[in-house]
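Taking it in order: structure first as C-alpha cells, then the write-up.
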Amino acid sequence: MDPVAALKERFGEDILYVKEFRGEITVVTKSELIVDVMMYLRNTPGLTYNFLSDISSVDYYPNAYGDEYDGTEEYDYRPERFALAYHVYSMLYNRRLRVKTFMMEEDPVAPTLVGVWPAANWLEREIADLMGIRFDGHPDPRRLMMPEDWDGHPLRRDYPLGKERVQFSFNMQEIQNHKPFADE
Amino acid sequence: MLLNMGPHHPSTHGVLRLLLELDGEEIVTLMPDVGFLHTGIEKSIEDKSYEKGVPLTDRMDYLTPLSNNMVFSMAIEKMVELEVPERAQTIRVILLELMRIASHMVWLGTQAMDMGAMSMFLYCFREREKILHILEMCSGQRMMTSYIRPGGVWRDIPEGFHEAVNEFIDYFPPKIDDYERLLVKNPIWMDRTQGVGIIEPDLGLAYGVTGPSLRGSGVNWDIRKAMPYSGYETYDFNVPLGEHGDVYDRFMVRLRELRESLKIVKQGIDRLDKHGPFRSSNRKFVPPPRSALGHSMEAVIHHFKLWTQGYDVPDEEVFTAIESPRGEISCYLHGTGENRPRRVHFKTPSFMHIAAMPMFSEGYMLADLIGIIGSVDIVLGDCDR
C-alpha cells in the first residue's frame with residue numbers, strides 16, 4: 001500500500017505537503033494530528049510502520065521569518081520556525097517514512113508520542129531540553145542533557161556557540177570572566 | 001531504599017548515574033541520569049563545513065568511531081549524490097567489520113570483568129590492540145581515525161595492509177574458541193545471566209532497542225541485510241539470533257557475530273586490489289591527490305576552495321542509518337543550500353538502550369543489574385553526544 005495515498009485518503013486536507021528527495025518521502029502534516037497520523041501508520045495493515053527510528057527537530061531561524069523569507073513556493077510549506085521530523089520504519093515492508101510538522105515561534109508545542117511508542121520518551125525530552133519545544137502530556141518533562149537550572153535551549157539557531165578558554169589560572173575571578181554562562 | 005549507582009561506578013561503563021529504588025535487594029524503580037558527557041557535537045557541526053564535521057563524529061561513540069564517520073559521510077554523499085568507488089567501499093567494509101570486532105572485544109572484556117572474570121578483560125584488550133594497530137597503519141591514529149570521509153576514505157591503504165589483516169584472520173578464531181571454552185558452558189556465568197534482563201520482542205521494538213540487543217530476543221533485523229549499504233549485499237554472512245532475550249542470549253549473539261564479522265573481513269580482503277581509486281574523483285567535493293598540487297593549478301584551486309570554504313549542499317533533508325556494533329545509528333542531515341548544515345541529528349543506539357533500561361531491569365536483583373548494563377553494551381559518549 002502506498003503510504004502517501006493512504007494518508008491522503010484518510011486525512012485529506014490535513015496532509016499539507018508531500019515531497020520526495022533522493023528517494024525519501026516527506027509528509028508534512030499539522031502538529032495537532034501527529035498522534036492520529038502515527039497511530040494510523042502503525043496500526044493500518046499494509047502500512048505497519050512499527051518502529052520509531054528517530055525524532056529530530058529543526059530550527060529554521062533566519063529563513064522562516066524576517067528579511068530572508070521571500071514568499072516563494074520553496075518556503076511556503078514551512079512557514080513556521082520550528083519543525084519536528086519523525087522517522088518511522090516498517091520492518092515488514094522494509095521502508096522508511098518521514099513525517100514533519102511545523103510549530104510557531106512563540107511557545108512551540110506538540111502532543112507527545114509516548115503513548116504510541118515508549119521510545120519517544122527520551123527523544124522528546126532531548127528535544128524539549130535542547131530545542132525548547134514543549135510536548136503536551138509528556139509523563140516526565142524534565143531536562144535530559146543540560147542541568148536543571150540551565151537557561152535557554154542550546155540547539156536553537158539564535159543561541160550563541162559558547163566558547164570557553166582553557167583554564168590555566170587558579171584565580172577564580174579570572175576564570176569566571178571567561179565563562180559567559182558559568183555564573184548565571 | 002534509595003541508592004545512587006554511579007556516575008563513577010565501574011560497571012556503569014562511563015559516566016552514567018542510575019537512581020535506584022530498592023526493596024531489599026530487588027529493584028523497584030530505576031531512573032537513568034545522563035548528560036555528564038554532553039559535548040554539544042551537533043551544535044558544533046552546525047558551525048563547520050561538512051568535511052570538518054567528520055572528526056567531531058569520532059568523539060561520539062569512541063569505541064567504534066568509524067561507524068559514526070560512515071553514517072555522517074553517507075548522509076553527505078546522499079545529499080550531494082556523490083559516487084563512491086567500489087574499492088573504497090570494500091576498504092570501508094573491512095575496517096567497519098574490524099571495528100565491530102574491536103568494539104565487541106571491549107564489550108566482552110568489560111562485561112566479563114563486571115561479572116568477575118578478570119582474565120577475559122586482559123585477553124580481549126590484547127586482541128583489540130591488534131585491530132587498533134591495523135587502524136594506526138591506515139590513518140596514523142589508533143582511535144579517533146576520521147578515516148572514512150565523504151567520497152571514500154582519507155588515503156590509500158598502506159603497504160602491508162593485506163598481510164596484517166590476513167595475519168589477524170588467522171590469529172583470531174582460536175581466541176574465540178578460548179572465550180567460548182571459558183564462558184559459554186561456565187556454570188557461574190550461566191547462573192548469573194540466564195533468565196535475567198529479559199527483553200520481550202514487542203517491548204524491545206516499542207522502546208527502540210536495536211542491534212544485537214534486539215536480535216538476542218529473536219527479532220531478525222540487521223540493517224546490513226535489510227537496507228544494505230557500502231556493498232554489504234555482496235557478502236555472505238549470517239545474522240545470529242537469540243531465543244529468550246536474556247543476558248545470556250545477547251552475549252551469545254555478540255559472540256557469534258565475531259565469527260560472522262571475520263567472515264566478511266576475509267571476503268573483503270580477498271577481493272581488495274592492491275591499487276586503485278580509494279575515493280571519488282569528483283573534485284568539487286573531494287580534494288585532489290596531494291601529488292597533483294605540485295603541477296596542476298586546477299588541483300590547487302580545488303584544494304584551497306574545499307579546505308577553506310567547503311561545498312554547498314541543497315536546502316533539503318536526508319536520513320541515513322547503519323548497523324553499528326551497538327545497533328541502529330542514524331544521521332538526520334538538513335542542509336541550508338550553503339556550506340554549513342542547518343541541523344545534524346544523530347540517533348544513537350546507546351541513547352535508546354539507556355532510555356529503555358527501566359523496562360528490562362525493574363524486578364530483578366541489584367546484582368543482576370551489573371550483567372544487564374553490560375549486556376546492552378552502552379557507551380556514554382554515544383548517548384550524550
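The values are calculated or read from the model by the stated rules, or taken from the named source; none is laboratory data. Owing to the predicted nature of the structure, the values given are computational and were not obtained by experimental measurement. FYI the Cβ positions are ideal-geometry reconstructions off the backbone, even for glycines, and counts take in every protein chain you see. Each accessible area value is taken on the protein alone, full model and side chains, heavy atoms only, with ligands, DNA and RNA left out. Shrake-Rupley method; radii C 1.70, N 1.55, O 1.52, S 1.80 Å.
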(message) Can you list residue pairs whose Cβ atoms sit under 7 Å apart, with the first residue in region A:1-26 being in contact (Cβ under 8 Å) with a residue 40 or more places away in the chain and the second being hydroxyl-bearing (Ser, Thr, Tyr) and not in a strand (DSSP E or B)? Count only pairs 6 or more apart in sequence or on different chains.
(response) A:Ala6/A:Thr44; A:Leu16/A:Tyr77; A:Tyr17/A:Tyr77
(request) Could you check B:Asp33 against (1) of a type outside the set (Phe, Trp, Tyr); (2) under 20 Å from B:Val376 (Cβ atoms); (3) within 14 Å of chain A (Cβ to nearest Cβ); (4) without any contact (Cβ under 8 Å) to a residue 12 or more places away in the chain and say which number it fails? (result) (4)
(request) Confirm whether B:Arg326 is closer than 21 Å to A:Tyr60 by Cα and of a type in the set (D, E, K, R). (result) no
(request) Quickly run through region B:231-252 and pick out the residues that are farther than 17 Å from B:Pro325 by Cβ, assigned to a loop (DSSP other than H, G, I, E, B) and of a type in the set (S, T, N, Q). (result) none
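Checking the condition open to solvent by less than 10 Å² (accessible area, probe 1.4 Å), away from chain A (no Cβ under 14 Å) and not acidic (Asp, Glu), which residue from B:Ile378, B:Ile373, B:Ile354 passes? Step through it out loud before you land on a result.
On the way: B:Ile378 fails: away from chain A (no Cβ under 14 Å); B:Ile354 fails: away from chain A (no Cβ under 14 Å).
Only one candidate passes the filter, namely B:Ile373.
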(message) Which numbered condition in (1) surrounded by fewer than 16 Cβ atoms within 10 Å (Cβ to Cβ); (2) assigned to a helix (DSSP H, G or I); (3) under 22 Å from the mean Cα position of the chain (by Cα) is the only one that B:Leu205 fails?
(response) (1)
(request) Would you mind listing the strands (runs of 3 or more DSSP E) fully within region A:1-80 where at least 3 residues are at pLDDT below 85? (result) A:15-21
(message) Is it the case, given these coordinates, that B:Ala75 is touching a residue at least 24 places away in the same chain (Cβ under 8 Å), in contact with a strand residue (DSSP E or B) (Cβ under 6 Å, 6 or more places away or on another chain) and surrounded by fewer than 24 Cβ atoms within 10 Å (Cβ to Cβ)?
(response) no
(message) Tell me whether region A:132-146 contains one or more residues that are closer than 30 Å to B:Ala226 by Cα, among the β-branched types (Val, Ile, Thr), more than 10 Å from chain B (Cβ to nearest Cβ) and within 14 Å of the chain's Cα centre (by Cα).
(response) no
(request) Could you run through region A:42-61 and say how many residues are open to solvent by less than 10 Å² (accessible area, probe 1.4 Å) and either within 14 Å of another protein chain (Cβ to nearest Cβ) or under 18 Å from the mean Cα position of the chain (by Cα) (or both)? (result) 11
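What do you reckon, is B:Val80 surrounded by fewer than 21 Cβ atoms within 10 Å (Cβ to Cβ) and touching a Phe, Trp or Tyr at 6+ places or on another chain (Cβ under 9 Å)?
yes
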(message) Go through region B:214-267 and report how many residues are basic (Lys, Arg), within 21 Å of B:Arg192 (Cβ to Cβ) and either free of Cβ contacts under 8 Å to residues at least 12 places away in the same chain or open to solvent by 10 Å² or more (accessible area, probe 1.4 Å) (or both).
(response) 1
(request) Quick one: count up the residues across region A:15-34 that are open to solvent by less than 40 Å² (accessible area, probe 1.4 Å) and either closer than 21 Å to A:Val109 by Cα or acidic (Asp, Glu) (or both). (result) 9
(request) Give region B:1-40 a look and list any residue that's part of a helix (DSSP H, G or I) and open to solvent by 10 Å² or more (accessible area, probe 1.4 Å), or say none. (result) B:Pro10
(message) When the residues of region B:191-201 are narrowed to those that are assigned to a loop (DSSP other than H, G, I, E, B) and either acidic (Asp, Glu) or within 14 Å of chain A (Cβ to nearest Cβ) (or both), which ends up nearest to B:Pro325 (Cα to Cα)?
(response) B:Ile199
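Across region A:93-145, what is the number of residues that are assigned to a strand (DSSP E or B) and polar (S, T, N, Q)?
1
For A:Asp151, state whether it is within 14 Å of chain B (Cβ to nearest Cβ), over 20 Å from A:Glu32 (Cα atoms) and either open to solvent by 60 Å² or more (accessible area, probe 1.4 Å) or modelled with pLDDT under 85 (or both).
no
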(request) Return the total of residues in region B:318-337 being out of contact with any strand residue (DSSP E or B) (no Cβ under 8 Å at 6 or more places or on another chain) and facing chain A (nearest Cβ under 10 Å). (result) 2
(message) Quick check on region B:47-56. Is at least one of its residues within 26 Å of B:Phe304 (Cα to Cα), at pLDDT 90 or above and among the acidic types (Asp, Glu)?
(response) no
(request) Can you run down the residue pairs with Cβ atoms below 6 Å, 6 or more apart or on separate chains, where the first is in region B:202-213 and at the interface with chain A (Cβ under 8 Å from one of its Cβ atoms) and in contact (Cβ under 8 Å) with a residue 24 or more places away in the chain and the partner is open to solvent by 10 Å² or more (accessible area, probe 1.4 Å) and not in a helix (DSSP H, G or I)? (result) B:Tyr207/A:Pro118
(message) Any residue in region B:36-49 that is more than 9 Å from chain A (Cβ to nearest Cβ) sitting within a Cβ distance under 9 Å of a residue that is small (Gly, Ala, Ser) and part of a helix (DSSP H, G or I)? List the pairs, counting only those 6 or more apart or interchain.
(response) B:Leu37/B:Gly381; B:Thr39/B:Gly381; B:Ile41/B:Gly53; B:Ile45/B:Gly53
(request) Only residues that are touching a residue at least 40 places away in the same chain (Cβ under 8 Å) and on the phi > 0 side of the Ramachandran plot: list them for region B:103-150, please. (result) B:Gly116, B:Ser146
(request) Of the conditions (1) within 30 Å of A:Met146 (Cα to Cα); (2) open to solvent by less than 20 Å² (accessible area, probe 1.4 Å); (3) more than 14 Å from chain A (Cβ to nearest Cβ), B:Leu108 clears all except one; give me its number. (result) (1)
(message) When you check B:Ile188 against the structure, is it part of a helix (DSSP H, G or I) and within 24 Å of the chain's Cα centre (by Cα), yes or no?
(response) no
